[in-house]
Amino acid sequence: MGRFEQRFEVMSNPDARSPGILPARGHNGCVGQPTQQETRRSRRDGGAAARPLPSRRELRERGSAGEHHVPAVGTAPAVYRRRRLIAGVIGLVLVGGAAVGVAGVVSGMTAAEPEDTDAVTALIGDLGADAPRASMLPAPAQSGEPAAAVVPEAAPDEATPADLCGTPAFTEALASGSDADAIAAAGGAEPFRSAVATGAAPCVDLHAADRIWVVVNKLNALDPIDYWPEPQARAEGVDRTSGGHMRADVAAALSQLVTAARDEGAGEIGVNSGFRSYERQVSTYRTYVGQLGQRNADLTSARPGHSEHQTGLAVDVVACDGGCGTIERFGGTVQSDWVAANAHRFGFIVRYGDGDTATTGYEYEPWHLRFIGTDLATRYAEGGYRTLEDFFGLPPAPEYAG
Ligand code: DAL
Ligand code: ZN
């Protein structure tokens, strides 16, 4: 059996994320699929397919009690070690003293090289029996790092503020919680991206689950691991084959995308899967492993705590000409071509591109749209970026750590 057929078989499994072809229209087309309330209930109950899972409180208590091994700091990728090294050299040259400079470099290298152990491998052996912990890799810049210690590798874009995190207008916009305001205060999407990618914006946390710029991949787990976005909504006037909830702002953007696709002659686009809780991802991933084996499952399904669907920012779309098709049949449709060319206008990117597995860790998923807002998505498209990792200067994430 080929990979496609194997995958299709999994997707036809009612326990998997896709129900196969369903004649879903409007809000009545999701018989048998979980509503948000049902999803919450299954979450409380631990889910039907999953072994009992820890509650949020248990997760917190285990964390504070040190019950599970938590990697203190991931092994820093070479690019960050290099940045720290350059930062150390420049910073220390500024204060004079070559000997002190050497000491600073050594100190920086030591801080970047702690032993990296990760609980994810243990999770795979016994899914759901244990509360997994977030694997952690340093973002190019993290809250708390002193701005003066970070030096961009390359000369920043002319429009990039020299010290974004020292600019009150930016830090205030960032603190307000408005992603769009923060990007505007940075001078726009490119100055923002450039500052983040070069390490010049350490106050921008690429791990913050509630930010549109969050990067969730095989090296960056959600934190907290059971993150649950609020408020959620369904995309109005959009066909769906599942519960179809997502972050409310994402739902509004998806409604606009679907309307535009219809108006521009691309046909009907529906939702197959939006928000998936940690517990839902446990059962989804377990189903894939059971059907495909872990190696192949890891190319198509994120391990719990590592799925963009848990952020409420991701949505799998399908073509709905007559009835809605499956995600596997989305590629090659008029809708798929339209989405690839136009999704950025509404704030979405196709997250797992064709031929980008070495960076993303996943096979091509033309149906998996990730919301990053119109400013960043437009810059992403215009800049010809293919992965969020490249966009933000992060290392490739083809495999889980450990
Ligand atoms: N299919 C994507 C990688 C997920 O499971 O989140
Ligand atoms: Zn998806």
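All of the numbers you see were taken from the coordinates with simple rules; none came from a lab. Small disclaimer: the values here were computed from a predicted structure and weren't measured. Note: ideal-geometry Cβ built from the backbone for every residue, glycine included; neighbour counts use all protein chains shown.
In terms of Cα atoms, the Rg and Dmax of the stretch 212-391 work out to 15.1, 42 Å. Averaging over all projection directions, the Cα-based convex hull of the stretch 163-204 occupies 2.3 nm² in the image plane. Counted by Cβ distance under 12 Å from residue 251, the other residues give a net charge of +1, where Lys and Arg count +1 and Asp and Glu count -1.
Annotation: amide H of residue 245 within the under-5 Å range of 274, 275, sequence separation 5 or more or interchain, hydrogens built in the peptide plane.
Across the stretch 247-255, rounded Karplus estimates of 3J(HN,Hα) from the backbone phi angles (6.51 cos²θ - 1.76 cosθ + 1.60, θ = phi - 60°) give 4, 4, 5, 6, 4, 5, 5, 5, 4 Hz, Gly and Pro being marked x. Find the centroid of the Cα atoms in the stretch 315-388 and in the stretch 234-261, then give the distance between the two in whole Å. Taking the Cα centre of the stretch 234-261 as reference, the centre of the stretch 315-388 is 15 Å away. Database remark: amide H of residue 324 closer than 5 angstrom to the amide H of 22, 24 (H placed geometrically; neighbours at sequence offset of 5 or more, or on other chains; Pro and chain starts carry no H). When DSSP beta bridges are restricted to pairs lying wholly in the stretch 240-398, around 95% turn out antiparallel. According to the Cα-based calculation, Rg over Rh for the stretch 173-312 is 1.02, with Rh computed by the Kirkwood formula.
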